[in-house]
Ligand code: NAD
C-alpha cells in the first residue's frame, strides 16, 4: 500500500466521506466530484478537495473520482484492511470507557483486552471484552501479536508498565497517565491530555 502522511483534521473527516460514499448506488454514481460530496455533506468545497487530494490525488477534470476507487483508497488510508490489535493497561474508569468504545474500529484499531493489577477486576465485560490479570500481559501480547498499548494506570506505575510493554515488543504507546515516560528509540509514544483539548477550546472562545 502507498504510504502517505495525512493531516489529523483530514483523518477526522475520512470516516464521514466513507459513510457517504458507501451509501451511494455505485451503478448510478460511477464517478463523484468533490463538489457533490461537499454539497451533500454541507462541508466547504475547498476543504473536501484538499482532503481527497491528500488521499487520492487530484480528481479528473469534469468527472472527479471513480467512486469505487475512492472508497478503496479511503479504506486503505484508514487502515480498515489492516486491523491492528491494541491492549489497555489499567481497567479503571478511563480504561473501561476506552475498552467499551467502538469508535476505534473506524480507524482499523481493535482493543481486544485490558489488564489490571487488581485481579478482582478480571472477567468479561458486557461488550464481550476480556479484563485479564496483569501477570498475563507478556504472554498475551506475544501470543496475539499486539503492537499497540494504551496506559491508563496511575502516574506512579506508568513507567514500570511502559518498560514491561517495551520489553514484550510493543511498538506504540498511547499514554493517559499524567507523567513523562521514557521509551527507547523506535518506540512511538503519544501523550494524551483531555484537559489540554478543553483548555484550547476555552482559549479559542476567549479570543473569539
Ligand atoms: P482509576 O483509579 O479508576 O483506574 C486506574 C486502574 O489502574 C485501577 O483499576 C487500578 O487497579 C489499575 N492499576 C493501578 N496500578 C496498576 C498497575 N501497576 N498495573 C495495572 N493496573 C494498575 O483511574 P482513572 O480515572 O481511570 O485514571 C487512570 C489514569 O488516567 C490516571 O493516571 C489518570 O490521571 C489518567 N487520566 C488521564 C486523562 C487525560 O486526559 N490524559 C483523563 C482522565 C484520567
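The values are calculated or read from the model by the stated rules, or taken from the named source; none is laboratory data. If you're wondering where the values come from, they're calculated on a predicted model, not measured in any experiment. All Cβ positions, even for glycine, are placed from backbone atoms using ideal geometry, and neighbour counts span all protein chains on display.
In segment 20-33, which residues are in contact with a helix residue (DSSP H, G or I) (Cβ under 9 Å, 6 or more places away or on another chain) and within 18 Å of residue 78 (Cα to Cα)?
Selection gives 20, 21, 22.
Could you grab me the full set of residues in segment 156-172 that are without any contact (Cβ under 8 Å) to a residue 24 or more places away in the chain, loosely packed, with under 15 Cβ neighbours inside 10 Å and under 25 Å from residue 108 (Cα atoms)?
Within segment 156-172, none qualify.
Being part of a loop (DSSP other than H, G, I, E, B) and more than 13 Å from the ligand (Cβ to nearest atom) is the filter here, so list the residues in segment 93-124 that pass it. Give the steps one after another, and end with the answer.
We begin by selecting, within segment 93-124, every residue part of a loop (DSSP other than H, G, I, E, B); these are 101-102, 108, 117-118, 122.
Within segment 93-124, 101, 102, 108 meet the criteria.
Which one of 74, 83 is loosely packed, with under 14 Cβ neighbours inside 10 Å and more than 16 Å from the ligand (Cβ to nearest atom)?
Values: 74 fails: loosely packed, with under 14 Cβ neighbours inside 10 Å.
From the options 74, 83, the qualifying one is 83.
Would you mind stating whether residue 127 is farther than 17 Å from residue 188 by Cβ, in a strand (DSSP E or B) and either at pLDDT 95 or above or not assigned by TED's automatic domain parsing to the domain that holds residue 14 (or both)? Give the steps one after another, and end with the answer.
Details: farther than 17 Å from residue 188 by Cβ: yes; in a strand (DSSP E or B): no; either at pLDDT 95 or above or not assigned by TED's automatic domain parsing to the domain that holds residue 14 (or both): yes.
So residue 127 does not fit the description; no.
Checking the structure you have, find out if any residue of segment 173-194 is in a helix (DSSP H, G or I), within 10 Å of the ligand (Cβ to nearest atom) and either surrounded by fewer than 17 Cβ atoms within 10 Å (Cβ to Cβ) or not assigned by TED's automatic domain parsing to the domain that holds residue 97 (or both).
Looking only at segment 173-194, we keep the residues that are in a helix (DSSP H, G or I), and these are 194.
Cutting the leftovers down to within 10 Å of the ligand (Cβ to nearest atom) gives us 194.
Remaining after also requiring either surrounded by fewer than 17 Cβ atoms within 10 Å (Cβ to Cβ) or not assigned by TED's automatic domain parsing to the domain that holds residue 97 (or both): 194.
Looking for residues that are in a helix (DSSP H, G or I), within 10 Å of the ligand (Cβ to nearest atom) and either surrounded by fewer than 17 Cβ atoms within 10 Å (Cβ to Cβ) or not assigned by TED's automatic domain parsing to the domain that holds residue 97 (or both), one finds at least one in segment 173-194, hence yes.
Looking at 153, 146, which one is near the ligand (Cβ under 10 Å from one of its atoms) and either loosely packed, with under 14 Cβ neighbours inside 10 Å or part of a loop (DSSP other than H, G, I, E, B) (or both)?
Working: 146 fails: near the ligand (Cβ under 10 Å from one of its atoms).
The conditions single out 153.
Filter segment 26-58 down to the residues that are outside any helix (DSSP H, G or I) and touching a strand residue (DSSP E or B) at 6+ places or on another chain (Cβ under 8 Å), then identify the one that is farthest from residue 11 (Cα to Cα). Walk me through it before giving the result.
Going residue by residue through segment 26-58, those that are outside any helix (DSSP H, G or I) are 26-33, 42-44, 57-58.
Those left that are additionally touching a strand residue (DSSP E or B) at 6+ places or on another chain (Cβ under 8 Å): 30-33.
Numbers: 30: 24, 31: 22, 32: 20, 33: 19 Å.
Here the answer is 30.
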